[in-house]
Amino acid sequence: MASFITRRFLQLLITLIGISIISWVIITQAPGSPIALTIDPKVSPKIVEQMMKNYDLDKPIQQQYYLWLKKLFTGQLRSFKDGRPVMEKINERIWNTLLLNLVATIIIFSLAIPLGVFSAKRQYSFLDNLGTFGAYLGISAPSFWLAYLLILGTVELFGYPVLGMRSFVTENFTTAEIVMDRIWHLMLPSIILAIGGLAGLSRYTRSSMLEVVRQDYVRTAKAKGLPEESVYYKHALRNALLPIITIFGFLIPDLIGGSIIMESVFAWPGIGRLSYQAVLARDYPVVMTILSISAVLTLIGNFIADILYGIADPRIRYQ
Amino acid sequence: MLISPILFLILLGVNLFFVGSRPPQKVNQLIISSIGDASFLNPILAQDSASSQINSLVFNGLIKYDRDLEGFVGELAESWEVRGGPEPEITFHLRKGILWHDGKEFTAHDVKFTYDKIMDEKTNTVRRSSYELVKKAEVPAPYTFRVTYRQPFSPGLETWSMGIIPKHLLEKVDINTAPFNRKPIGTGPFRFVEWVSDEKIVVEANPRYFQGRPNLDLIIYRILPEVALNEMEIMTRSVDYSSLFPFEFKRISHVPFLKTYSEPSLGYTYLGYNLKNPLFQDRRVRLAFTHAINREEIVQYVLYGLGTVATGPFPNHLWYANPHVKPIPFDPKKARQLLAEAGWKDTDGDGILDKDGKPFRFKLITNSGNETRRDVGVLVQRQLREIGIDVKFEFYEWSVFLKDFVNARHFDACILGWGLSVDPDAYEIWHSSQIEKGFNFISYRNPQVDRLWEEGRREYDIEKRKQIYWRIHELIAEDQPYTFLYVPLGISALQRKFVLVEKEGSSKETFHEIKMEKAGLMYDLIKWTVPQQIVLEQ
């Protein structure tokens, strides 16, 4: 086990360096420049050249890469857009994203698994078919469109603000009302964010369940007279959930990586919006740092999933 | 296991109940929506409009434009005088007793410091170009600031409306990364309170403002990146002021608690012809195109009527635009005739005009992501097709568009817009010295116009400048190096609860409706208020 972890860790490091070099090349060599994004007749080309020099953009690409790495590890890395340390900018927003995605994940898991089990228990019943239909709808409908509908609908119905993390006029609110206001603002984006995952995961649980309930040990459990609840939730579900570990591994980078579209639609001050704006503004330090963080998280997620497999399924051995 | 969905539904229900019983609001504050977050709350570093808007509340310039955008009124400077000559000199006499928000006194050294920081090559500012003709800047007395130019340069006056930054706070730090840029100290009517990234920026009334404390207690900038949903926030009254899309205008103007405003923007959209391309070197061809393009139709259908047809290189509503230059009328017959005169006829009967066996075919480009320009392009393409011109219309991502086409001078014709400053000087766009590396990327060359731009920069007298720019307007309209398409109207909505209050004497207050000025709706912002005794209509 220990040698497996060391070996995987080394692999991880090499992959990471590879990822950072490739993304560096793609990002900096893509057309565009962080300076003078608009054509302003009051800004002479000479000034633009001077600014490029101030930002080290006139140096050869390998040197720029080296400078980025060095600044990243010494904490000197600053955004082109506002001259602030990149880590500070990320730290400001990452918790908002984490909160939103955590709630969405809780919604997904707490609803998808019961739904999936229920569908599997009554395969081809009316409710199961309804579930199937709903799941396909949830997967295929573009989430931004659903978000628009939901926003329009709630504003029309309640006339209450939905965008952002909180309401802006809260002078005469009680503490309880402020808390409810925060929950309300958290609710809509997390529901929308959860819909796609909910649809997918409930289907996944259903099919995995269906496979498991046909196994011999489930039949044995039933034959020895265990109550149905116990058969489904204790014996079958546990085995059916094994593949979910993989999904969990992928979830970690998602939690932090955020959702560019939902954060923009709901004016949620998170990391997804930051990275989108940074890409548009060619703010290389920010783009690269966020990319690297999500690369690290993806790799760690996979790593954890690998280890969890071994724990959850004794048949898997590491060599 | 089924408990979690039930819990979830209960939470949702409680929330909906709460939302239905929300109390109404009545506070003396203004919430403005902004698409993007600010970058630097420091006027010399800021480039984006969000930052500039907030900076204009927190900082003051020496002077500012008057409400008709014709002359200047003093701000930090009480008065100023211009001494002409080959090396003109402007002397600003500053107001005494103005305090920075931290209590220190403002002096001419702060002005000098601001200028020095702009000129410092290490400062990441794009403003430097505007000050390049300054020979020296000095402080002859603590409340006097004098600047000497290398040559007469009247557009230079406008640059002194730049916000002045405090020397005592920025002297010893690297201005590009100073924490000051996120919690600014200025002299302006509003003091900085708080900035939550990507969410809001809050400023409050400055009780010691030299023109008196503003009536509004707070101004909040809300950052709402999804413009299409702005409307929702106005309707739920969680935004008081927002700019609008043309398609929202009609709908919003029917809302009883909102008032809509429109103002001509400082800029125009045009169809520019690359004059290096032999196709467009004949003036008759360009004129024919303008005749063939129905600009009224473009304004009506693309802008929902919220714009005016442009006649030349200036926005129509300001003093330097020549009212005698009339828009070239839509006249496809005339267009065909002009093209025939230039030798373009359909000899092979394929519906496309040709000359010396070559069909009239060219590529029109614009940047992607701008739906207005895309729609304009499609209309232009169709209208030109009707007089027998085959246009291929393509879009490119903005940076590619700039680098590979516009800056490389590698295009036939393009649709673009200029955002201009208030001063009429557009030397950078039209002077032939700017063909090589400047912004004259269509390679327009007219010695008479060149001379007039130079003259306009040398002249300080507004009446004389007017004559010069009126003439330029005429000449450029005659040459038609662009087909000037339209000047869009900027439109916005404001909650009706805001009024202007004029204080006469000590007790008498009169309320007025907020009106659009040429200098913008917010010109009298410090007089805005929400009257407490008036009950808001629901």
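The values are calculated or read from the model by the stated rules, or taken from the named source; none is laboratory data. Small disclaimer: the values here were computed from a predicted structure and weren't measured. Cβ placement follows ideal geometry from the backbone for every residue including glycine, while neighbour counts extend to all protein chains displayed.
Any idea which residue in the range A:264-319 is surrounded by the most Cβ atoms within 10 Å (Cβ to Cβ), counting only those that are among the acidic types (Asp, Glu) and either touching a helix residue (DSSP H, G or I) at 6+ places or on another chain (Cβ under 6 Å) or away from chain B (no Cβ under 14 Å) (or both)?
Across the range A:264-319, the extreme among qualifying residues is A:Asp306.
Looking at the range A:163-206, which of its residues are more than 7 Å from chain B (Cβ to nearest Cβ) and β-branched (Val, Ile, Thr)?
A:Thr170, A:Thr174, A:Thr175, A:Ile178, A:Val179, A:Ile191, A:Ile192, A:Ile195, A:Thr205
Which residues, counting only those in the range B:425-466, are in a helix (DSSP H, G or I), in contact (Cβ under 8 Å) with a residue 24 or more places away in the chain and under 23 Å from B:Asp282 (Cβ atoms)?
Passing the criteria: B:Ile429, B:Trp430, B:Gln448, B:Val449.
Out of all the residues in the range A:117-126, which are surrounded by fewer than 20 Cβ atoms within 10 Å (Cβ to Cβ) and in contact (Cβ under 8 Å) with a residue 12 or more places away in the chain?
A:Lys121, A:Gln123
Among the residues of the range A:117-152, what is the count of those that are under 26 Å from the mean Cα position of the chain (by Cα), of a type outside the set (A, V, I, L, M) and part of a helix (DSSP H, G or I)?
11
When only residues in the range B:227-262 that are buried (at least 21 other Cβ atoms within 10 Å of the Cβ) and in a loop (DSSP other than H, G, I, E, B) count, which is modelled with the lowest pLDDT?
B:Ser238
For the list (1) loosely packed, with under 13 Cβ neighbours inside 10 Å; (2) at pLDDT 90 or above; (3) polar (S, T, N, Q), I need the number of the one condition that B:Gln29 fails.
B:Gln29 satisfies every listed condition except (1).
Go through the range A:1-58 and give me each residue that's at pLDDT 85 or above and assigned to a loop (DSSP other than H, G, I, E, B).
A:Tyr55, A:Asp56, A:Leu57, A:Asp58
Could you check the range B:292-405 for strands (runs of 3 or more DSSP E) lying wholly inside it with 3 or more residues that are hydrophobic (A, V, I, L, M, F, W, C)?
Of the strands (runs of 3 or more DSSP E) lying wholly inside the range B:292-405, those with at least 3 residues that are hydrophobic (A, V, I, L, M, F, W, C) span B:361-367, B:390-396.
Of the numbered conditions (1) facing another protein chain (nearest Cβ under 9 Å); (2) assigned to a helix (DSSP H, G or I); (3) not basic (Lys, Arg), A:Asn101 fails exactly one; give the number of that condition.
(1)
Of all helices (runs of 4 or more DSSP H) completely enclosed by the range A:167-284, which ones contain at least 1 residues that are of a type in the set (A, V, I, L, M, F, W, C) and over 25 Å from A:Ile151 (Cβ atoms)?
Filter on the range A:167-284 gives A:175-213, A:216-223, A:237-240, A:244-257, A:271-280.
Which number in (1) away from chain A (no Cβ under 14 Å); (2) crowded, with 18+ Cβ neighbours inside 10 Å; (3) touching a Gly at 6+ places or on another chain (Cβ under 9 Å) marks the one condition that B:Arg286 misses?
Result: B:Arg286 passes all but (3).
If the requirement is being touching a Leu at 6+ places or on another chain (Cβ under 8 Å), under 21 Å from B:Arg286 (Cα atoms) and not polar (S, T, N, Q), which of these qualifies: B:Gly343, B:Gly312, B:Gly377?
Exactly one of B:Gly343, B:Gly312, B:Gly377 is touching a Leu at 6+ places or on another chain (Cβ under 8 Å), under 21 Å from B:Arg286 (Cα atoms) and not polar (S, T, N, Q), namely B:Gly377.
Of all residues being within 30 Å of B:Phe247 (Cβ to Cβ) and touching a helix residue (DSSP H, G or I) at 6+ places or on another chain (Cβ under 7 Å) in the range B:215-226, which is surrounded by the fewest Cβ atoms within 10 Å (Cβ to Cβ)? Just the residue, please.
B:Glu226
Do you know which of the residues in the range A:274-319 that are of a type in the set (Val, Ile, Thr) and under 17 Å from the mean Cα position of the chain (by Cα) is farthest from A:Asn239 (Cα to Cα)?
Taking the candidates together, the pick is A:Val287.
Check off (1) without any contact (Cβ under 8 Å) to a residue 24 or more places away in the chain; (2) facing another protein chain (nearest Cβ under 9 Å) for A:Glu88 and give me the number that stays unchecked.
Here A:Glu88 clears every test but (2).
Residue check: is B:Glu75 more than 14 Å from chain A (Cβ to nearest Cβ) and surrounded by 19 or more Cβ atoms within 10 Å (Cβ to Cβ)?
yes
Within the range B:317-351, count every residue that is crowded, with 17+ Cβ neighbours inside 10 Å and of a type in the set (Val, Ile, Thr).
Total satisfying the criteria: 2.
Looking at the range A:1-34, which of its residues are surrounded by 13 or more Cβ atoms within 10 Å (Cβ to Cβ) and more than 30 Å from the chain's Cα centre (by Cα)?
None; the set is empty.
Under 9 Å between Cβ atoms, at least 6 apart or on separate chains: pull out the pairs that start in the range B:135-148 with a residue that is touching a residue at least 60 places away in the same chain (Cβ under 8 Å) and end on any residue that is assigned to a loop (DSSP other than H, G, I, E, B).
What qualifies is B:Phe145/B:Leu62; B:Thr148/B:Glu87; B:Thr148/B:Pro88.
Residue by residue through the range A:106-116, note down the ones that are touching a residue at least 60 places away in the same chain (Cβ under 8 Å) and surrounded by fewer than 21 Cβ atoms within 10 Å (Cβ to Cβ).
Scanning the range A:106-116 gives A:Phe109, A:Leu111.
Anything in the range B:90-108 that is of a type outside the set (A, V, I, L, M) and surrounded by 16 or more Cβ atoms within 10 Å (Cβ to Cβ)? List them, or say none.
If the condition is that a residue be of a type outside the set (A, V, I, L, M) and surrounded by 16 or more Cβ atoms within 10 Å (Cβ to Cβ), then B:Thr91, B:Phe92, B:His93, B:Arg95, B:Trp100, B:His101, B:Phe106, B:Thr107 are the ones that fit.
Can you find a residue in the range A:127-139 that is within 26 Å of B:Ser197 (Cβ to Cβ) and either surrounded by fewer than 19 Cβ atoms within 10 Å (Cβ to Cβ) or more than 10 Å from chain B (Cβ to nearest Cβ) (or both)?
no
Would the range B:456-479 turn up any residue that is under 30 Å from B:Val380 (Cβ atoms) and within 21 Å of the chain's Cα centre (by Cα)?
Looking through the range B:456-479, at least one residue is under 30 Å from B:Val380 (Cβ atoms) and within 21 Å of the chain's Cα centre (by Cα).
If we keep just the residues of the range B:215-226 that are within 10 Å of chain A (Cβ to nearest Cβ) and β-branched (Val, Ile, Thr), which is farthest from A:Ile271 (Cα to Cα)?
Among them, the one singled out is B:Ile220.
If you scan the range A:57-85, which residues turn out to be in contact with an Asp or Glu (Cβ under 7 Å, 6 or more places away or on another chain) and either in contact (Cβ under 8 Å) with a residue 12 or more places away in the chain or under 11 Å from A:Val286 (Cβ atoms) (or both)?
Once the filter is applied, which keeps residues that are in contact with an Asp or Glu (Cβ under 7 Å, 6 or more places away or on another chain) and either in contact (Cβ under 8 Å) with a residue 12 or more places away in the chain or under 11 Å from A:Val286 (Cβ atoms) (or both), the range A:57-85 yields A:Gln64, A:Ser79, A:Phe80, A:Lys81.
Which one is farthest from A:Ile191 (Cα to Cα), of the residues in the range A:57-103 that are surrounded by 12 or more Cβ atoms within 10 Å (Cβ to Cβ) and small (Gly, Ala, Ser)?
A:Gly83
Can you tell me which condition B:Asp423 does not meet? The list is (1) under 22 Å from the mean Cα position of the chain (by Cα); (2) away from every other protein chain (no Cβ under 14 Å); (3) acidic (Asp, Glu), and all the others hold.
Among (1) under 22 Å from the mean Cα position of the chain (by Cα); (2) away from every other protein chain (no Cβ under 14 Å); (3) acidic (Asp, Glu), the lone unmet condition for B:Asp423 is (2).
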